[in-house]
Amino acid sequence: MRKAVLFIVFMIYTASAFAQEAQAAKTFWDDPVNDPMFPIYLVTAFILLVIILVGVVALYLVKVVNMLMTETEKAKAAKLGIPYVVKPSLWNRFAQKMNASVPMEAEKDIELHHDYDGIKELDNHLPPWWKWLFYGTIAFSVVYIAIYHFSDTLPLQDQEYQQEVALAEEQARKLKAAQPQEEIDENALAFTNDPALIEKGKSVFNGNNCGACHRNDGGGNTIGPNLTDEYWLHGGDVKQVFSTIKNGVVEKGMPAWGKSMSPQDVRNVAFFIMSLQGSNPANAKAPQGELFKATAPAPTAASDSTNAQASL
Ligand code: HEC
């Protein structure tokens, strides 16, 4: 019995330890010996082993003591010349008390005088363990109602949920405050020839977002203008391009992407468009708007190429 309980406790313990580890990125079992928890697990396992061994030894000791006691009782009975009667064990007495079952010999006393074709009915009482469990639930319910519904000492499920949501929101707020989003100030925006950002911009541009109206290569189609030439309707400076994408030209069919895209995505896609300058795709749309001349093209280009090399 005791061994079984210990075994179950041990199983639950190892199972829960395993479940916790499984959630971590690197699990305990990947490298058990070097895991920081290893000494704790080892000591716990050792303690459990000791407890099991002590339990087994104690069980045997009790058995031996019992045997010796029975022997002395027997000898005593023989000396006195009376028959030896086996005393019920502690467990048997306890079980009898809990169940209060009526022995077969006494069943006559509790027989109800109902006879259904030879089948008789006994007036057995509910076993005390069951009755006390029942009274216990009644007592529990009184305490529960008093605590949860009258005194408001502990939160109900709904309140508990609200509290956790509030806590999570607070944590999210703190996390955001700790690592503020990169501010993109369009007035200070400068084009950097960063391949990673341009690649991200390209994946935003392709397909339904922009490619549908400007073609994936930016050459333009019947709807959207050519984005690869030097002619611009709304200005070809990166700040102006950023602002056109962010605010759109809604009345002309160019959506305002600032509403649905993060500032980072708008910047990346603006950088991608800048990188298309002069790419001259085949069958590109005829230029629209005015020829755009960058105010200081030479230094920007030079620093761009050094930037690109530095970042590689
Ligand atoms: C529904 C069609 C459509 C989609 C989708 C679209 N555009 Fe446009 N875009 C247009 C039209 C039309 C214009 C021209 C506006 C005008 O005539 O003033 C334009 C203009 C522009 C301009 C200004 C060009 C210039 O000459 O000044 C840029 C830059 C631009 N789009 C970028 C984008 C980007 C980036 C996306 C995707 C995030 C996008 N567009 C998605 C239709 C579209």
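When only DSSP loop residues count, what GluC sites (Glu not before Pro) in segment 139-243 have their Cβ near at most 10 other Cβ atoms within 10 Å?
Glu182, Glu183
Which percent of Cα-Cα pairs in the chain sits in each 20 Å bin, short to long?
Whole-percent P(r) values from 0 Å outward: 17, 24, 22, 17, 14, 6, 0.
I want the local charge near Glu73. Using Cβ-Cβ distances under 13 Å, sum +1 for each Lys or Arg and -1 for each Asp or Glu among the other residues.
With Lys, Arg at +1 and Asp, Glu at -1, the neighbours total +3.
Given a cut-off of 18 Å, what percent of all Cα-Cα pairs of segment 128-177 lie beyond it?
Everything past 18 Å amounts to 56 percent.
Nearest 10 degrees, 0 to 90: what angle lies between the long axis of helix 238-247 and the longest principal axis of the chain (Cα atoms)?
On a 0 to 90 degree scale, this one is about 60.
Treating the angle as unsigned and between 0 and 90°, give the value, to the nearest 10°, between the Cα long axis of helix 195-205 and the longest Cα principal axis of the chain.
90 degrees
Where does helix 38-80 land angle-wise versus the long Cα axis of the chain, in degrees 0 to 90, nearest 10?
The angle comes out at about 10 degrees.
Once you wrap a convex hull around the alpha carbon atoms of segment 135-260, what is its projected area averaged over all directions, in nm²?
For segment 135-260, the mean projected area of the Cα convex hull comes to 14.8 nm².
Local charge sum around Glu121 (other residues, Cβ-Cβ under 9 Å, Lys/Arg +1, Asp/Glu -1)?
-2
Report the far tail of the P(r) of segment 98-202, meaning the percent of Cα-Cα pairs longer than 20 Å.
Considering segment 98-202, 75 percent of its Cα-Cα pairs are separated by more than 20 Å.
We did not get these values from a lab; they are worked out from the coordinates using the rules stated. The shown structure was predicted, so the numbers you read here are calculated from the model rather than taken from an experiment. Neighbour counts are summed over all protein chains in view; Cβ atoms, including those assigned to glycine, are modelled from backbone coordinates with ideal geometry.
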